[in-house]
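The values are calculated or read from the model by the stated rules, or taken from the named source; none is laboratory data. None of the values given here were measured: they were computed from a predicted structure. Don't worry about glycine lacking a Cβ; one is built from the backbone with ideal geometry, like all the others, and counts go over all protein chains shown.
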Amino acid sequence: MNIQHVEELFQFIENSPSCFHAIVTIREKLNDEGFIELVEGRSWQIEKGKKYYVTRNLSSIIAFKIPENDFKNFHIVASHSDSPTFKIKENAEIEVNNKYVKLNTEKYGGMICSTWFDRPLSIAGRILVKEGNLVKTHLVNIDKDLVIIPNLAIHMNRAVNDGYKYNAQIDMLPLYGDNTSKGSLMKTVAQSVGVEEDSILGTDLFLYNRMRGTKIGANSEYISSPRLDDLECAYASLSAFLSETNSNSASVYCVFDNEEVGSGTKQGADSTLLYDVLRRINMCLGNSEEDYYKLIASSFMVSADNAHALHPNYSDKSDPTNKVYINDGIVIKYNANQKYTTDAVSASIFKSICDSVNVPYQTFTNRSDILGGSTLGNISNAHVSLNTIDIGLAQLAMHSTYETAGAKDVTYLIDALKAFYNTSIEQVEDGQYIINSKC
């Protein structure tokens, strides 16, 4: 296993306590590699042989490389920046008996609530601040063990181990401080970024788990960390994207926000973001509208979002003939109702790419009597329709605040996506494709 990739992944996650911080972390890497930032509200000047990126809402990003020569298609990898958490409500402080102050929160996404108890948490996100006639964004990360969601003692809830339905308004509110902390939350937030409290106009603040990633297992074969879903794929696809150049295809790297709540935002996979960027690339290069549709016909997307490994204590929850294991390679995800976009075409193309670099893969489908989730691929395809495969890395405890995956699989995904970015896929006619590696 490549220990460097694992340690880099842990650092990437630690630097990304919120979706906004994840995009800043990615932007810094792109800037270091000489990418040019574009702004949606300004004119774009795009030249062959150069590299660019654009953000939306500071929580989604699309980066792309334009080859020196005319290119035949787009090679796209998409992941997401958000994870299930708790959002801090407006007017968040709640005083309890003049002794405690707790914070009013609401659920963001579908988390395993019990995993948020009794561990150090803090607050990260963004605030909008008035500076003269400018409204400016500041990222917030209160870099200390700030709050905790304490469990109710078993003596007061004897049935807790018999199954308990958590009430988000009662059970899940974090303890912030004693009575002397009343009225200090927004002051603490303001001080963390060096602004005045009364200049704050808006907030998007979330809880995050302070625990760092670690290697576990008898041979350190597993990794455990917050936010593996889906920062593991965001990290791996960025590593592959930065390391490969394709002379026949425009390589595209996407990280969307709000996957955990359905993607139906201006910056989600169900927005026009990908469509807008690809159309503007085509237009800025002087191509016709028909040229755009020809490019899309031969383009390919990898939708990368982690997958469910067989659980050692609940093997019956997995499909009987499509069992997925940690460290056994990339997971190709199938669903007959197209919650995942994988079909025979996209699977065949991607398998051939994995085979070319000896990266193992395995197949996932839900048991037919258990509903699964959806992800980026089928949602983004409603706006940009192209061959797409849904993949991920096997993990346990998905949507826990501390998830577990495989140390080997990080490298498998990087190697497979390097090969993908370094491959030419050209549609000859509907249902026939030419695949050439090392472009």
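For the structure I just gave you, tell me whether F10 is outside any helix (DSSP H, G or I), in contact (Cβ under 8 Å) with a residue 60 or more places away in the chain and not polar (S, T, N, Q). I'd like the intermediate steps shown before the answer.
Details: outside any helix (DSSP H, G or I): no; in contact (Cβ under 8 Å) with a residue 60 or more places away in the chain: yes; not polar (S, T, N, Q): yes.
So F10 does not fit the description; no.
Out of all the residues in segment 399-416, is one or more over 23 Å from N327 (Cβ atoms), surrounded by 24 or more Cβ atoms within 10 Å (Cβ to Cβ) and either of a type in the set (A, V, I, L, M, F, W, C) or within 20 Å of the chain's Cα centre (by Cα) (or both)?
For segment 399-416, residues over 23 Å from N327 (Cβ atoms), surrounded by 24 or more Cβ atoms within 10 Å (Cβ to Cβ) and either of a type in the set (A, V, I, L, M, F, W, C) or within 20 Å of the chain's Cα centre (by Cα) (or both): absent.
Which of the residues spanning segment 350-377 are in a helix (DSSP H, G or I) and surrounded by fewer than 19 Cβ atoms within 10 Å (Cβ to Cβ)?
If the condition is that a residue be in a helix (DSSP H, G or I) and surrounded by fewer than 19 Cβ atoms within 10 Å (Cβ to Cβ), then K351, S352, D355, S356 are the ones that fit.
Exactly one of (1) closer than 21 Å to C233 by Cβ; (2) of a type outside the set (A, V, I, L, M, F, W, C); (3) not in a loop (DSSP other than H, G, I, E, B) is unmet by Y340. Its number?
Of everything listed in (1) closer than 21 Å to C233 by Cβ; (2) of a type outside the set (A, V, I, L, M, F, W, C); (3) not in a loop (DSSP other than H, G, I, E, B), Y340 misses just condition (3).
Return the only residue of V54, V39 being surrounded by fewer than 17 Cβ atoms within 10 Å (Cβ to Cβ) and either modelled with pLDDT of 95 or more or not assigned by TED's automatic domain parsing to the domain that holds S243 (or both).
V39 is the lone residue from the list that is surrounded by fewer than 17 Cβ atoms within 10 Å (Cβ to Cβ) and either modelled with pLDDT of 95 or more or not assigned by TED's automatic domain parsing to the domain that holds S243 (or both).
With respect to S385, determine if the residue is in a loop (DSSP other than H, G, I, E, B), under 23 Å from G110 (Cβ atoms) and hydroxyl-bearing (S, T, Y). If you could, list the steps in order and put the result at the bottom.
Details: in a loop (DSSP other than H, G, I, E, B): yes; under 23 Å from G110 (Cβ atoms): no; hydroxyl-bearing (S, T, Y): yes.
The answer is no for S385.
For K317, only one of the following conditions fails: (1) loosely packed, with under 14 Cβ neighbours inside 10 Å; (2) closer than 20 Å to A240 by Cα. What is its number?
Status for K317: all satisfied but (2).
I'd like the residue in segment 131-141 that is part of a strand (DSSP E or B) and without any contact (Cβ under 8 Å) to a residue 60 or more places away in the chain and, out of all such residues, is surrounded by the most Cβ atoms within 10 Å (Cβ to Cβ). Can you show your working first?
Residues of segment 131-141 that are part of a strand (DSSP E or B), as a first pass: 131, 134-141.
If we keep only those that are without any contact (Cβ under 8 Å) to a residue 60 or more places away in the chain as well, we get 134, 136, 138.
Details: L134: 7, K136: 13, H138: 17.
Only one residue tops the list, namely H138.
From the residues in segment 244-269 that are surrounded by fewer than 24 Cβ atoms within 10 Å (Cβ to Cβ) and of a type in the set (D, E, K, R), which one is nearest to G110 (Cα to Cα)?
First pass over segment 244-269, keeping only residues surrounded by fewer than 24 Cβ atoms within 10 Å (Cβ to Cβ): 244-248, 250, 252, 260-267.
Filter once more, keeping what is of a type in the set (D, E, K, R): 244, 260, 266.
Numbers: E244: 35, E260: 7, K266: 21 Å.
My answer is E260.
Would you mind telling me which numbered condition in (1) more than 29 Å from E426 (Cα to Cα); (2) modelled with pLDDT of 95 or more Y253 fails?
(1)
Quick one: Q4 ticks every box in (1) touching a residue at least 24 places away in the same chain (Cβ under 8 Å); (2) surrounded by fewer than 20 Cβ atoms within 10 Å (Cβ to Cβ); (3) outside any loop (DSSP other than H, G, I, E, B); (4) out of contact with any Phe, Trp or Tyr (no Cβ under 8 Å at 6 or more places or on another chain) except a single one, so which number is it?
(1)
Tell me which residues, restricted to segment 20-52, are small (G, A, S) and over 22 Å from the mean Cα position of the chain (by Cα).
Of all residues in segment 20-52, those small (G, A, S) come to 22, 34, 41, 43, 49.
Hits for segment 20-52 are G34, G41, S43, G49.
Can you pull out every residue in segment 55-84 that is more than 25 Å from Y108 (Cβ to Cβ) and touching a Ser or Thr at 6+ places or on another chain (Cβ under 8 Å)?
F64, K65, P67, E68, N69, F71, K72, N73, F74, H75, I76
Is it the case, given these coordinates, that K87 is touching a residue at least 60 places away in the same chain (Cβ under 8 Å), touching a Phe, Trp or Tyr at 6+ places or on another chain (Cβ under 6 Å) and of a type in the set (K, R)?
Values: touching a residue at least 60 places away in the same chain (Cβ under 8 Å): yes; touching a Phe, Trp or Tyr at 6+ places or on another chain (Cβ under 6 Å): yes; of a type in the set (K, R): yes.
Yes: the conditions hold for K87.
Can you confirm whether segment 235-243 contains a residue that is out of contact with any Phe, Trp or Tyr (no Cβ under 8 Å at 6 or more places or on another chain), at pLDDT 95 or above and buried (at least 23 other Cβ atoms within 10 Å of the Cβ)?
Yes, segment 235-243 contains a residue that is out of contact with any Phe, Trp or Tyr (no Cβ under 8 Å at 6 or more places or on another chain), at pLDDT 95 or above and buried (at least 23 other Cβ atoms within 10 Å of the Cβ).
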